[in-house]
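Colleague: Sharing a structure here in structure tokens format.
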Amino acid sequence: MISMECFRRIKIGYALFIVSATAASQNPIVANQGLNDPHIHIFENKAYVYASHDTSIENKGFIMDDWWIWSSPDLVNWKKESVLKPEETYIRKPFTQCWATDVAFKNGKYYWYFSEGNEQTGVVVGDSPVGPWKDVLGKPLLTSDMTPTHEYDIGLIEDNGSHYIIFGVWDYYIAKLNDDMISLAEKPRKLEINNPRGPYNLDGENLKMPTDDKPFMHKYNGRFYLSWGVFYAMADSVYGPFDYKGQIMQKSSFAKGYDAPTWPNGFQQGRHGSFFEWHNQSYFAYCDISQTGNRYFRDTFISYIHYKANGEIATIRVDGIGVGNYDANQSKIEVEDYFDADGVIKIELNSSEFAVKTIKENSYIGFANVKNLKDKNSVCLKITSDHTVAFEIEIRKGNLDGEVVGNYKFKTKTTSKLEDFKCKLKKLADQETLYFKIKTPKSQQIKINSFSFLK
């Protein structure tokens with residue numbers, strides 16, 4: 001956390017902005033500083049966001065004159081770590097189109113790829129996630145005449161030890177990188193997408209602008225997901241072909257105060273971002289303008305990602321709570337929104353809800369930064385099972401080996417119906433990190449849907 005002396009308050013127009021070298025925030029993760037086009041990667045158990053930087057709330061266009069790196073131990077508290085200026089790259093002069101970036105790690109080195117506007121892509125190399133950085137090529141890696149699309153807005157994916165770079169607008173291209181990570185191992189290939197949609201093509205009729213810029217690819221449970229903002233397609237191979245599946249952001253996604261203003265083509269436009277995993281949890285980081293009111297001065301939000309049984313992605317939630325922190329005054333906390341877990345999997349409980357299912361005799365689920373606990377003396381968990389199961393839940397604070405603040409043995413009485421199981425708690429501080437350690441008999445599982453704190 002930061003002291004009040006570190007804050008500088010700026011009044012611009014209707015908004016009051018708080019600017020600092022570090023920030024303790026949820027959504028936006030770093031408020032009102034223009035942190036956008038976020039690509040989050042986990043290195044050495046710390047989250048790093050590699051991002052573009054909108055320079056001012058007064059921007060009337062995309063003015064971005066450097067690239068940023070911020071880090072966080074918990075997705076809540078963020079610290080600015082590094083700035084890359086275009087003068088430090090082959091561009092060699094000030095430049096106001098420092099567009100989207102991504103990073104990869106191989107052979108002890110970090111490779112940070114950056115867009116030269118909407119035309120070319122370069123790369124710098126460093127020995128740590130935050131540099132210092134060196135432009136070893138001294139020229140673009142992807143040149144503007146390489147493919148029929150534009151060679152910018154890159155995304156990186158690693159599969160079976162090889163790295164691939166994805167780029168373009170409307171049509172996307174992919175190329176395998178050589179082991180040196182600064183040259184291509186093959187000629188870029190076009191990615192085929194069946195029946196695509198996008199913010200300019202909601203009805204499938206706009207063949208000139210079928211998708212968007214800013215492609216990203218990630219892998220989950222053996223399937224490849226090609227995304228452009230909140231739109232995505234799936235394939236069994238990194239090269240496709242990809243089948244369009246849908247949009248992960250709907251009107252129902254938004255909490256009050258987070259649905260407007262938005263882009264000219266609606267709330268699904270401009271959501272450039274990335275998917276990532278940490279502590280057995282999945283996330284989507286993306287651009288938002290609901291708090292700045294200016295499409296040229298964007299914030300970064302993070303939402304939880306939950307995959308359905310068929311591999312498709314459930315609709316995300318967009319709110320100010322964000323991820324990695326929890327409010328004990330909420331009517332309920334969804335268990336699948338944990339910060340850390342082992343020995344469990346997420347499952348669809350029904351058409352509208354998810355749950356966490358134990359798959360080991362000893363498992364745990366952790367929730368960091370739980371606030372407003374001071375007057376709470378018990379917790380109520382909603383649990384079901386496929387058959388009668390005797391189980392034990394032990395609640396520890398701080399970490400897995402921390403003080404036990406609740407310990408109860410239970411038995412499910414019915415099947416396929418959520419039951420309430422209450423556990424008394426020792427007196428807690430107003431904010432704690434809590435771990436639920438669960439013991440079940442061999443080959444027997446329980447499903448936990450949600451929990452709430454009681455006075």
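The values are calculated or read from the model by the stated rules, or taken from the named source; none is laboratory data. Since the model is a prediction, treat every value here as computed from it, not as a measurement. Cβ placement follows ideal geometry from the backbone for every residue including glycine, while neighbour counts extend to all protein chains displayed. Note: accessible area is taken over every heavy atom of the protein model, side chains too, but ligands, DNA and RNA are not part of it. Shrake-Rupley method; radii C 1.70, N 1.55, O 1.52, S 1.80 Å.
Residue-by-condition table, conditions (1) of a type in the set (S, T, N, Q); (2) at pLDDT below 95; (3) more than 30 Å from Asp401 (Cβ to Cβ):
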site	(1), (2), (3)
Tyr304	no, no, no
Asn310	yes, no, yes
Ile321	no, yes, no
Gly324	no, no, no
Ala328	no, no, no
Asp340	no, no, no
Lys346	no, no, no
Asn362	yes, no, no
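Colleague: Give me a count of the residues in the stretch 172-187 that are open to solvent by 20 Å² or more (accessible area, probe 1.4 Å) and either modelled with pLDDT under 95 or more than 24 Å from the chain's Cα centre (by Cα) (or both).
Modeller: Counting residues in the stretch 172-187 that are open to solvent by 20 Å² or more (accessible area, probe 1.4 Å) and either modelled with pLDDT under 95 or more than 24 Å from the chain's Cα centre (by Cα) (or both) gives 10.
Colleague: Hey, can you tell me all the residues within the stretch 301-317 that are in a strand (DSSP E or B), open to solvent by less than 20 Å² (accessible area, probe 1.4 Å) and more than 19 Å from Trp78 (Cβ to Cβ)?
Modeller: Ile305, Ile313
Colleague: Still on this model: Report whether or not Ser351 is among the hydroxyl-bearing types (Ser, Thr, Tyr) and open to solvent by less than 10 Å² (accessible area, probe 1.4 Å).
Modeller: Taking the combined requirement at face value, the residue does not satisfy it.
Colleague: Moving to a separate point now. Could you check Cys380 against (1) modelled with pLDDT of 95 or more; (2) open to solvent by 20 Å² or more (accessible area, probe 1.4 Å); (3) among the hydrophobic types (A, V, I, L, M, F, W, C) and say which number it fails?
Modeller: (2)
Colleague: Quick one: is Leu137 under 19 Å from the mean Cα position of the chain (by Cα) and either part of a loop (DSSP other than H, G, I, E, B) or modelled with pLDDT of 95 or more (or both)?
Modeller: Judged against the criteria, Leu137 is not a match.
Colleague: Looking only at the stretch 104-134, which residues are open to solvent by 30 Å² or more (accessible area, probe 1.4 Å) and within 18 Å of Tyr90 (Cα to Cα)?
Modeller: Result: Glu116, Asn118, Glu119, Gln120, Pro132, Trp133, Lys134.
Colleague: Under 6 Å between Cβ atoms, at least 6 apart or on separate chains: pull out the pairs that start in the stretch 420-432 with a residue that is surrounded by fewer than 18 Cβ atoms within 10 Å (Cβ to Cβ) and end on any residue that is assigned to a loop (DSSP other than H, G, I, E, B).
Modeller: Asp430/Leu373; Asp430/Lys374
Colleague: Any residue that is assigned to a strand (DSSP E or B) and in contact (Cβ under 8 Å) with a residue 40 or more places away in the chain - is there at least one of those in the stretch 54-61?
Modeller: The answer is no; no qualifying residue exists.
Colleague: Next question. Scan the stretch 220-272 residue by residue and report those that are aromatic (Phe, Trp, Tyr) and surrounded by fewer than 19 Cβ atoms within 10 Å (Cβ to Cβ).
Modeller: Those that are aromatic (Phe, Trp, Tyr) and surrounded by fewer than 19 Cβ atoms within 10 Å (Cβ to Cβ): Tyr220, Tyr239, Phe254, Tyr258, Trp263.
Colleague: Same structure again: Condition first: in contact with a Lys or Arg (Cβ under 8 Å, 6 or more places away or on another chain) and basic (Lys, Arg). Now tell me which residues in the stretch 347-373 satisfy that.
Modeller: Residue satisfying the conditions is Lys357 alone.
Colleague: Any residue at all in the stretch 45-66 that is open to solvent by 40 Å² or more (accessible area, probe 1.4 Å), closer than 19 Å to Leu156 by Cβ and modelled with pLDDT of 95 or more?
Modeller: Checked the stretch 45-66: at least one residue is open to solvent by 40 Å² or more (accessible area, probe 1.4 Å), closer than 19 Å to Leu156 by Cβ and modelled with pLDDT of 95 or more.
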